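What follows is calculated from the coordinates using simple rules that are stated; it is not laboratory data. All figures in this text were calculated on a predicted structure; none of them were measured in a lab. Cβ coordinates were reconstructed from backbone atoms using ideal geometry, including for glycine residues, and neighbour counts include every protein chain displayed.
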């Protein structure tokens, strides 16, 4: 392979890697968009990002590849997951569109935009590839460092300011200023007595310790679930699981198992007819 | 293989991300899609860097990452406070701009 | 001496101001104040007249510049008065007859509780009329013109409690507006043509302007004259104007104001001389009106309306004469003056009759009054003889001259105009004889009214008799005084100019023909009203009679053509306004409203929708960029 030709093409290994991982990345991206649960979306995105990190490495951007994994996949995606947990892991979105025509417009715009981008890339004469080897001759990290601390030093400094601002901004946004002193246990107890509602502590959630049982409402004596037993946050998220049907199902399963063990046949209404037929 | 395929891939990912922004209602997923778009851009920059044989593209990608990190911090903070006040992470619920 | 000109106007103006603002305190003396100030004005006029007579004929023009009225660069309007022979004639007529009628009104309006106001209006009229004839420019003349219109309006509607009087006042005012518009347009045309509207520049440069413009000015002046002088087609108001008190009819609607149109035409003679078409229009209007008025006068049973028709007809003579150009100007004015005497006298006589007959105006309920009111009978009779042109009396001289002048116009026009004038003379004789016979001769026909009050005809008080006698004397001798030695001609000639026409018939022939017409008219009237008793209820009469009773359908014509036409026009304009104009406006508004309503739906408040638009816009931008590169 002549050096010139090397500039135009990549190695077969890289090509193989591209086609395989590229496909996976696209699938990951699609899953990010299409998954119902935010957790799944986040995981798919993390996968796509890791693949992108691999592509960075393949393109000679070793520093960025590592940063991608450490910062993006490691920090940012974890932050996402953290927020997802805060909002509710199990909450599934409906993918049904509520704004009329939004989906078709979005798809049309997306398709049009994609076609245009492809056309633009295809239209550009991108035949010259210098390769990154020359630039990475003194090591990728060293090369980047020399650029960042010389040519881009101001941008870099401003970036620092931006990060500080963002951190402070995030704190300001999420910080809730207390306007009054937090109530003590004693005061809360007095308030409860004064209101005359729920004098005792709130009832415990359901007793079916099969899942994270805090989201299962406890049953009242008459068998109806009481929402009071469920944590307020879960109540507001609408993540209460109704297990009344489950309980019946379980009961039926229990009965069936008992019958099987006792080898008792099910009494069917039809069996009453047989003796009559036999007597005939 | 021509490395320009990386660009096609970047374009495809960007388009998928953009469409996702438009389609999804969950603010967190929308935000993830934005990250996807940013990453697609980064891939393009890195590829450009390779094409031109200098490291400026990688520097830009690096800065993009930093800005994205800052953006994620603020954006997630916004989502959290939004969720706190509205008990919902749907972007459609915040439709106060309508008359 | 010039200062007297201003005093001439100031005296009645002061009277009007004092009487109209003085309040009830003046009720007892108000009429005498008005009469005295009017008489003072007449005395000033006499002094000025004597002064003018003492001067050479060429220097008999006094100019009094009072103040600069509207001094704006090229637009100079001054309050300047011009007293020349023409104005002088009018001043004497106005103040003389005016003073007499003031005196008469003292008696006539004795029982009217608003007599002070009446005299205030009369003085206001005198001031305005004097301003009209003394003005040295058309703008100032216009002020006087409007002033007399206002006074006429106020006086016609003086008995405003009568709806008919209020309506008549409004009608006179409205019809006059049409003419006034003509005058204002004429003034504007003058300003654009000559750059001035003072008599001096306009009349001396008249020949330099194009004939088209002069014709336009002339026709507009004619329109103005038609409105003020009740000439066809703006004649309809005069008959109804008789709703006013009789002294008003005598002064304003017989002797002075209605002749303002003639004054305007004669004053603007230079313009008309240079515009033959306008002049022809003037003669046509005059000829038509003199026949129109005469015919109307024949059919009316209301004595004042009969006299109003006569006035219209006589002014038609004057306008006809004025339209003849320099041949006729002097005679127009001469007839105007003599007519002022005898018509005022006739009206005062009619007023005297009404005064004695409980304000009854229907001649069919008179009859045989000559024995009850001899002075009225004699003065009225002299006026009657004067108007029909009895040889030797004023009407004979002035009307004869006009008929002569009409023939002297020459050609077919001359024959037609002269024939019309002759016919008019015959009809005049007929209707005046009819009035005379129905009022003073025959059997008494009055009946007690529904309240049982039978009229007791009696002679009027002395204060009313004196003006009648003076005017009767004037009616008898004025014509002769003016005509013998052509005194009036020489007096006016420096202002109006004069030329002798070439009459196809000799003066004696014309006089003879006039006499024959006169006799025929009187004879027919005698046959109809003298020999047999007059029916108390008017017979149905011929179609022409019935039309004449309705003023030859002038009001019907106005109603059908102008009122209905105007209504239809405005209705269609309203329709156009509602459908087209409003439609366009409302349609635009509705269109924008609908469009915005639809556009508003784009603003659904969903961030994602906005994001789609942004994304679509970005796509379009990319497309545009690519397209530009491709191109």
Q. Between the helical axis of C:394-408 and the dominant principal axis of chain C, each derived from Cα atoms, what acute angle in degrees is found, rounded to the nearest 10?
A. 60 degrees
Q. Tell me, in nm to one decimal, what length is gained between residue A:66 and residue A:258 on full extension, where the rule is 0.36 nm per residue of separation less the Cα-Cα distance?
A. 63.2 nm
Q: Between residue C:542 and residue C:2, with labels modelled 7 Å along Cα→Cβ, what's the label distance in nm to one decimal, could you check?
A: 6.0 nm
Q. Per residue, what volume in Å³ does the Cα convex hull of the range A:144-210 take up?
A. 203 Å³
**Q.** Whether the range B:18-69 is rounded, prolate or oblate, judged on the alpha carbon gyration tensor where a/c under 1.5 counts as rounded
**A.** oblate
**Q.** Förster radius 51 Å - calculated FRET efficiency between residue A:222 and residue A:36 (Cβ-Cβ, nearest 0.05)
**A.** 0.90
Q) To the nearest µm²/s, what D does Stokes-Einstein give for the range C:2-107 at 37 °C and 0.692 mPa s, using the Kirkwood radius over alpha carbon pairs as Rh? A) 215 µm²/s
**Q.** Three semi-axes of the equivalent ellipsoid, the range C:419-480, Cα gyration tensor, whole Å, largest first
**A.** 30, 22, 8
Q. Once you have the alpha carbon radius of gyration of chain B, what is it after dividing by 2.2 N^0.38 Å, with N set to its residue count?
A. 1.31
Q.
Test of understanding: what is the full-extension gain from residue C:556 to residue C:358, defined as 0.36 nm times their sequence separation minus their Cα-Cα distance?
A. 68.1 nm
Q: Starting from the eigenvalues of the Cα gyration tensor, five times each then square-rooted, give me the equivalent ellipsoid semi-axes of chain C, largest first, whole Å.
A: 55, 31, 27
Q) Given a Förster distance of 22 angstrom, what is the FRET efficiency for residue C:204 paired with residue C:143, based on the Cβ-Cβ distance and rounded to 0.05? A) 0.45
Q.
Quick check on the range C:259-371: take the gyration tensor over C-alpha atoms, sort the square-rooted eigenvalues as a ≥ b ≥ c, and tell me if it's rounded (a/c under 1.5), prolate or oblate.
A. prolate
Q: Pop the C-beta distance of residue C:177 and residue C:21 into the FRET formula with R0 = 41 Å and round what comes out to the nearest 0.05.
A: 0.90
Q. Averaged across the residues of A:226-239, what count of C-beta atoms belonging to other chains lies within 10 Å of each residue's C-beta?
A. 1
(Q) I need the shape label for the range C:425-523. Rule: rounded when a/c is under 1.5, else prolate if a/b > b/c, else oblate, with a, b, c from the alpha carbon gyration tensor. (A) oblate
Q) What nm distance separates the two modelled labels at residue A:236 and residue C:423, each placed 7 Å from Cα along Cα→Cβ? A) 11.0 nm
Q | Convex hull (Cα only) mean projected area of the range C:559-631, reported in nm² to one decimal | A | 9.2 nm²
Q: Quote to one decimal, in nm, the extra length available between residue A:181 and residue A:19 on full extension: 0.36 nm per residue of separation minus the C-alpha distance between them.
A: 52.2 nm
Q: Calculate for chain C the 222 nm mean residue ellipticity that helices alone would give, adding -39,500 (n - 2.57) per DSSP H run of length 4 or more and normalising by residue count, nearest 500 deg cm²/dmol.
A: -23000 deg cm²/dmol
Q. Give me the log10 of I(q) over I(0) for the protein assembly as shown at q = 0.08, 0.09 Å⁻¹, as the Debye formula computes it from C-alpha points; what are the numbers?
A. -0.81, -1.00
**Q.** Histogram of C-alpha separations across the range C:318-464, 10 Å bin width, %
**A.** 12, 35, 26, 17, 9, 2, 0
Q) For the range C:542-585, what is the convex hull volume of the alpha-carbon atoms per residue, in Å³? A) 41 Å³
Q) Measuring from a point 7 Å past the Cα of residue C:160 along Cα-to-C-beta, which residues in the range C:13-40 have an amide N at less than 15 Å? A) C:20-21
Q) Relative to the first principal axis of the alpha-carbon coordinates of chain C, what is the inclination of helix C:411-440, with its axis defined by its Cα atoms, in degrees from 0 to 90 and to the nearest 10? A) 60 degrees
Q: Can you pull the one-decimal nm distance between simple spin-label points at residue A:157 and residue C:575, each 7 Å off the Cα toward Cβ?
A: 8.4 nm
Q) Against the longest alpha carbon principal axis of chain B, how many degrees, from 0 to 90 and to the nearest 10, is the axis of helix B:4-23 turned? A) 10 degrees
